[in-house]
1. In a helix (DSSP H, G or I) and farther than 30 Å from Tyr289 by Cβ: which single residue out of Lys99, Lys110, Lys106 fits that description?
2. Residue check: is Lys123 open to solvent by 70 Å² or more (accessible area, probe 1.4 Å), basic (Lys, Arg) and in contact with a Ser or Thr (Cβ under 7 Å, 6 or more places away or on another chain)?
3. State which residue pairs qualify: first residue within 28 Å of Ser45 (Cα to Cα) and inside region 98-122, second residue among the aromatic types (Phe, Trp, Tyr) and surrounded by 16 or more Cβ atoms within 10 Å (Cβ to Cβ) in any location, beta carbons under 6 Å apart, and separation of 6 or more residues or different chains.
4. Looking only at region 229-271, which residues are more than 17 Å from Arg20 (Cα to Cα), assigned to a helix (DSSP H, G or I), within 21 Å of the chain's Cα centre (by Cα) and not aliphatic (A, V, I, L, M)?
5. Residue under question is Thr304, and the condition is that it be of a type in the set (Ser, Thr, Tyr), assigned to a loop (DSSP other than H, G, I, E, B) and either within 10 Å of the chain's Cα centre (by Cα) or surrounded by fewer than 18 Cβ atoms within 10 Å (Cβ to Cβ) (or both); does it hold?
6. Name the residues in region 100-113 that are within 30 Å of Arg258 (Cβ to Cβ) and open to solvent by 30 Å² or more (accessible area, probe 1.4 Å), would you?
7. Got a number for residues in region 188-212 being touching a Lys or Arg at 6+ places or on another chain (Cβ under 8 Å) and open to solvent by 30 Å² or more (accessible area, probe 1.4 Å)?
8. For the list (1) of a type in the set (A, V, I, L, M, F, W, C); (2) open to solvent by less than 30 Å² (accessible area, probe 1.4 Å); (3) closer than 29 Å to Ile245 by Cα; (4) touching a helix residue (DSSP H, G or I) at 6+ places or on another chain (Cβ under 7 Å), I need the number of the one condition that Met166 fails.
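The values are calculated or read from the model by the stated rules, or taken from the named source; none is laboratory data. Since this is a predicted model, take the numbers as computed values, not measurements. No Cβ is skipped: glycine too gets one built from the backbone with ideal geometry, and neighbour counts run over all protein chains shown. Calculation scope for accessible area: heavy atoms of the full protein, side chains included, ligands and nucleic acids excluded. Shrake-Rupley method; radii C 1.70, N 1.55, O 1.52, S 1.80 Å.
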Amino acid sequence: MAFAPMGPEASFFAVLDQHRASLLAALRRGGGEPAGGGTPQASSSEVLASIESVIQDIITSVARNEAPAFTIGNRSSWENIKFEDSVGLQMVTHFTTRKIKSDSLKSVKKFALILKILSKIYKLVQSNTYATKRDIYYTDSQLFGNQTVVDNIINDISCMLKVPRMSLHILSTSKGLIAGNLRYIEEDGTRVHCTCGATAVAVPSNIQGIRNLITDAKFLLIVEKDATFQRLLDDNFCNRMSPCIMITGKGVPDLNTRLLVKKLWDTFHIPVFALVDADPHGIEIMCIYKYGSMAMSFEAHNLTVPAIRWLGLLPSDIKRARESEWEEV
């Protein structure tokens, strides 16, 4: 795809090129990133071996007439979280744990649910098939109670096995949208061509499976709100600022939108900007893309892009505007 700016002046892209050069220089100074970016995906054999090891521990406990238990990292404690400029929020190496015991009335149900979902994950990985979190929930909705229970257990299992969640063959339903100068092939061979028109493409459910990404975009714009995203599409933003890519997670981003932003950064290393409201909620959403979250800190290397820059009205701009109004008075 040839680079042919239509809207902004050439100086705009010159500044972007300078910004990208500084980002690449910073990466080189920091030793770069792992090939492909993030934590390497665990192979199917590694995942199966990890599950078998957990089950073997349970069998050993039963053979000793001991109550089996799962040992899981405590993801809700700030004691287990550290911050690094190059990654964001991530779990410390030697983290505190909690036990899900089979002989405790408080945790016996969760122990059984973890065992049930582990069994389903083992079958999925063994057969090289995939299921959504919603699929897992509906296998026994009365037993699970609600979707949140399934979501938390899947994250606990990923943390316990120390493998990226995508390696468990469980997918999340995407809510994000993407538009602009981007082409790729999905795992099933479907060719996707994002356009700069008024219609966006849904973020794929299996980010790990997409390949042959092609773009000549000069920058990636993350938009906090779906309404703002649609307004920019209606105003022909992508064509006027072409070549670029625009993406939204429709508020707090889902896992797949975060994974796609990370994949685009790792693949192309183009400047990434976040257009969010200058309020605590908007800043929080930007920080989730940029630095991650406590709940997913064990997988921060696959989700965060610390190079993201805040674009939009800043609180300091409002303060300066008010000061200038008083000066005029």
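1. Result: Lys110 is the single residue among Lys99, Lys110, Lys106 that is in a helix (DSSP H, G or I) and farther than 30 Å from Tyr289 by Cβ.
2. Here the answer is no, as Lys123 does not meet what is asked.
3. What qualifies is Ile100/Phe70; Ile100/Phe111; Ser102/Phe111; Ile114/Phe70.
4. Phe229, Asn256, Thr257, Arg258
5. Spelling it out, Thr304 is indeed of a type in the set (Ser, Thr, Tyr), assigned to a loop (DSSP other than H, G, I, E, B) and either within 10 Å of the chain's Cα centre (by Cα) or surrounded by fewer than 18 Cβ atoms within 10 Å (Cβ to Cβ) (or both).
6. The one that is within 30 Å of Arg258 (Cβ to Cβ) and open to solvent by 30 Å² or more (accessible area, probe 1.4 Å): Lys110.
7. 3
8. For Met166, the exception is condition (2).
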